[in-house]
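Okay, so here's the structure we're looking at.
The values are calculated or read from the model by the stated rules, or taken from the named source; none is laboratory data. Just so you know, these numbers come straight off a predicted model, no measurement behind them. Every residue, glycine among them, receives a Cβ derived from its backbone with ideal geometry; neighbour counts consider all protein chains shown.
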Amino acid sequence: AQKVTQAQTEISVVEKEDVTLDCVYETRDTTYYLFWYKQPPSGELVFLIRRNSFDEQNEISGRYSWNFQKSTSSFNFTITASQVVDSAVYFCALNYGGATNKLIFGTGTLLAVQP
Amino acid sequence: DTGVSQDPRHKITKRGQNVTFRCDPISEHNRLYWYRQTLGQGPEFLTYFQNEAQLEKSRLLSDRFSAERPKGSFSTLEIQRTEQGDSAMYLCASSSRQSSTDTQYFGPGTRLTVL
């Protein structure tokens with residue numbers, strides 16, 4: 001079965017703190033893709049990153065970084081020096097390919113950054 | 001702006017009424033998806049089109065739900081005889097099979113409230 005678990009329901013930090021959002025996935029496929037999306041209060045899902053199962057290199061984009069570890073089936077997301085504008089719900093998602101390319105989402109982590 | 005658009009953004013209806021939502025994908029994206037998101041949950045896959053062909057429907061899509069994508073452009077999602085349990089955010093996404101990443105980009109969603 002394919003599954004994504006985001007154990008952290010809510011996280012509250014003070015501006016400028018670093019924060020890590022956890023994502024654990026389950027799949028039996030050897031080829032799959034992992035995603036992070038941001039959903040601000042406006043409701044629109046904003047794409048952040050896509051990672052395929054053959055690329056375990058960590059990635060950094062500005063204040064955002066992602067740590068992909070196949071050994072622990074985790075794809076964690078770190079925000080460095082958080083800002084109030086980072087406040088949103090963050091979703092991790094899995095795509096195991098197949099005919100439809102559908103995404104399987106976790107339940108999301110609500111990040112609240114206090115000024 | 002060439003992003004995914006959805007109309008209406010909000011819909012309030014009475015139980016038993018029919019509603020129809022529209023999604024306009026990013027131009028030249030041949031894949032289109034519908035998801036449903038309830039409060040506190042991640043989006044759940046409903047159905048998928050490649051061009052005008054509906055290739056997969058989730059078991060979540062009861063016989064009261066129907067989706068179309070005539071001519072492989074915009075798509076409509078109709079719910080007949082709405083029930084209070086249909087209250088949710090309905091999200092549309094599109095992607096390009098020709099793209100090396102085939103990343104799904106989401107629209108702003110249609111929030112349905114059934115009274």
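Look through region A:83-107, keep the residues that are within 12 Å of A:P40 (Cα to Cα) and outside any strand (DSSP E or B), and return whichever of them is nearest to the other protein chains (Cβ to nearest Cβ). First the steps, then the outcome.
Initial filter on region A:83-107 (within 12 Å of A:P40 (Cα to Cα)): A:84-91.
Going one step further and asking which of them are outside any strand (DSSP E or B), we end up with A:84-87.
Working: A:V84: 22, A:V85: 18, A:D86: 19, A:S87: 17 Å.
So, considering only residues that are within 12 Å of A:P40 (Cα to Cα) and outside any strand (DSSP E or B), the one nearest to the other protein chains (Cβ to nearest Cβ) is A:S87.
Any residue that is in a strand (DSSP E or B), away from every other protein chain (no Cβ under 14 Å) and among the polar types (S, T, N, Q) - is there at least one of those in region B:49-59? Can you show your working first?
Here is the first cut: in region B:49-59, the residues in a strand (DSSP E or B) are B:49-50, B:53-57.
Okay, now just the ones that are also away from every other protein chain (no Cβ under 14 Å), so none.
Scanning region B:49-59 turns up no residue that is in a strand (DSSP E or B), away from every other protein chain (no Cβ under 14 Å) and among the polar types (S, T, N, Q).
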Of the residues that make up region B:6-24, is at least one β-branched (V, I, T), within 14 Å of chain A (Cβ to nearest Cβ) and in contact with a Ser or Thr (Cβ under 8 Å, 6 or more places away or on another chain)? no
Being of a type in the set (S, T, N, Q) and either within 12 Å of the chain's Cα centre (by Cα) or buried (at least 17 other Cβ atoms within 10 Å of the Cβ) (or both) is the filter here, so list the residues in region B:1-29 that pass it. B:S5, B:Q6, B:T20
Taking region A:51-66 and the residues there that are buried (at least 16 other Cβ atoms within 10 Å of the Cβ) and part of a strand (DSSP E or B), the one that is nearest to the chain's Cα centre (by Cα) would be A:W66
Answer yes if at least one residue in region B:48-56 is under 11 Å from the mean Cα position of the chain (by Cα) and crowded, with 16+ Cβ neighbours inside 10 Å, and no otherwise. yes
I'd like the residue in region B:63-84 that is in a helix (DSSP H, G or I) and modelled with pLDDT under 95 and, out of all such residues, is surrounded by the most Cβ atoms within 10 Å (Cβ to Cβ). B:G72
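Report whether or not A:T30 is away from chain B (no Cβ under 14 Å), β-branched (V, I, T) and under 15 Å from the mean Cα position of the chain (by Cα).
Details: away from chain B (no Cβ under 14 Å): yes; β-branched (V, I, T): yes; under 15 Å from the mean Cα position of the chain (by Cα): no.
No, not satisfied.
Give me a count of the residues in region A:1-23 that are more than 14 Å from chain B (Cβ to nearest Cβ) and of a type in the set (A, V, I, L, M, F, W, C). Please lay out each step first, then the result.
First, the residues of region A:1-23 that are more than 14 Å from chain B (Cβ to nearest Cβ): A:1, A:11-20, A:22.
Adding the requirement that they be of a type in the set (A, V, I, L, M, F, W, C) leaves A:1, A:11, A:13-14, A:19.
Selection size over region A:1-23: 5.
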Give the number of residues within region B:23-46 that are touching a residue at least 24 places away in the same chain (Cβ under 8 Å), over 19 Å from A:S42 (Cβ atoms) and either touching a strand residue (DSSP E or B) at 6+ places or on another chain (Cβ under 7 Å) or among the β-branched types (V, I, T) (or both). 8
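Residues in region A:77-87: is at least one closer than 24 Å to B:G3 by Cα, among the polar types (S, T, N, Q) and at pLDDT 95 or above? Show your work before the answer.
Here is the first cut: in region A:77-87, the ones closer than 24 Å to B:G3 by Cα are A:85-87.
Next, from what is left, pick out any that are among the polar types (S, T, N, Q): A:87.
Checking which are at pLDDT 95 or above leaves us with A:87.
Yes; the residues of region A:77-87 include at least one that is closer than 24 Å to B:G3 by Cα, among the polar types (S, T, N, Q) and at pLDDT 95 or above.
Take the residues of region A:36-63 that are β-branched (V, I, T) and within 27 Å of B:R36 (Cβ to Cβ): which is farthest from the other protein chains (Cβ to nearest Cβ)? Before you say what the answer is, go through the steps one by one.
Within region A:36-63, the subset β-branched (V, I, T) is A:46, A:49, A:60.
With the extra rule that they be within 27 Å of B:R36 (Cβ to Cβ), the set shrinks to A:46, A:49.
Details: A:V46: 8, A:I49: 9 Å.
Among those residues, the one meeting the criterion is A:I49.
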Could you list all residues from region B:36-47 that are more than 8 Å from chain A (Cβ to nearest Cβ) and either surrounded by fewer than 21 Cβ atoms within 10 Å (Cβ to Cβ) or closer than 15 Å to B:P108 by Cα (or both)? B:R36, B:Q37, B:T38, B:L39
Taking region B:85-115 on its own, how many of its residues are in contact (Cβ under 8 Å) with a residue 40 or more places away in the chain, exposed (fewer than 15 other Cβ atoms within 10 Å of the Cβ) and not in a loop (DSSP other than H, G, I, E, B)? 1
